[in-house]
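These notes concern the structure reproduced below.
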């Protein structure tokens, strides 16, 4: 995808990020100030995807100890199925230093996301019961291949 650019987010882009988060996650969306706080954390990386100069998605990850925690990832539904999500995860993984795996949580009823993560090599390692209101969270992880 030649017209796709992944780069670090800037403060003036946080409103667009929060709007997309609300669109994708609905009642589980993060408030704007949560994204503001993320830009100030030394272990947090917030990346955005631009397709033909249009904001298309974002990914947020924490780099702590030996793992990367994928905190949020969202792609505008208009741009889904264009490998934007997988490219964001590749870039998140690219910043790994001492981290040996990437971990995430996904709602057990979000079959589309579970299939997406599985297609990228993530596998199920556990469950958190009733984590998302009435839904449980599936814990998934993927070992990072530092040779890539």
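Assorted remarks:
- Residues of segment 76-90 that are buried (at least 17 other Cβ atoms within 10 Å of the Cβ) and either within 19 Å of residue 34 (Cβ to Cβ) or out of contact with any helix residue (DSSP H, G or I) (no Cβ under 7 Å at 6 or more places or on another chain) (or both): 79, 82, 84, 87, 88, 89.
- Residues in segment 130-145 that are surrounded by 11 or more Cβ atoms within 10 Å (Cβ to Cβ) and not in a strand (DSSP E or B): 144 alone.
So that you can scan it fast, the table gives a plain yes or no per residue for (1) over 27 Å from residue 143 (Cα atoms); (2) in contact with a helix residue (DSSP H, G or I) (Cβ under 8 Å, 6 or more places away or on another chain); (3) at pLDDT below 95:
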residue: 6; (1), (2), (3): no, yes, no
residue: 13; (1), (2), (3): yes, no, no
residue: 19; (1), (2), (3): yes, no, no
residue: 39; (1), (2), (3): no, yes, yes
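Yes/no per residue for (1) in contact (Cβ under 8 Å) with a residue 24 or more places away in the chain; (2) within 30 Å of residue 130 (Cα to Cα); (3) more than 14 Å from the chain's Cα centre (by Cα):
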{"site": "3", "(1), (2), (3)": "yes, no, yes"}
{"site": "7", "(1), (2), (3)": "yes, no, no"}
{"site": "19", "(1), (2), (3)": "no, yes, yes"}
{"site": "25", "(1), (2), (3)": "yes, yes, no"}
{"site": "30", "(1), (2), (3)": "yes, yes, no"}
{"site": "39", "(1), (2), (3)": "yes, yes, yes"}
{"site": "47", "(1), (2), (3)": "yes, yes, no"}
{"site": "58", "(1), (2), (3)": "yes, yes, no"}
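- Residue pairs meeting the criteria (Cβ under 8 Å; at least 6 apart or on separate chains; first at negative phi and touching a residue at least 24 places away in the same chain (Cβ under 8 Å), in segment 76-96; second part of a loop (DSSP other than H, G, I, E, B) and surrounded by 14 or more Cβ atoms within 10 Å (Cβ to Cβ)): 86/120; 89/120; 93/144; 96/144
- Any hit, segment 119-129, residues being within 14 Å of the chain's Cα centre (by Cα), part of a strand (DSSP E or B) and more than 19 Å from residue 144 (Cβ to Cβ): no
- Test: residue in segment 55-65 that is surrounded by fewer than 22 Cβ atoms within 10 Å (Cβ to Cβ) and touching a helix residue (DSSP H, G or I) at 6+ places or on another chain (Cβ under 6 Å): yes
The values are calculated or read from the model by the stated rules, or taken from the named source; none is laboratory data. Everything numeric here is computed off the predicted structure, so don't read it as measured data. All Cβ positions, glycine included, derive from the backbone under ideal geometry; neighbour counts span all protein chains shown.
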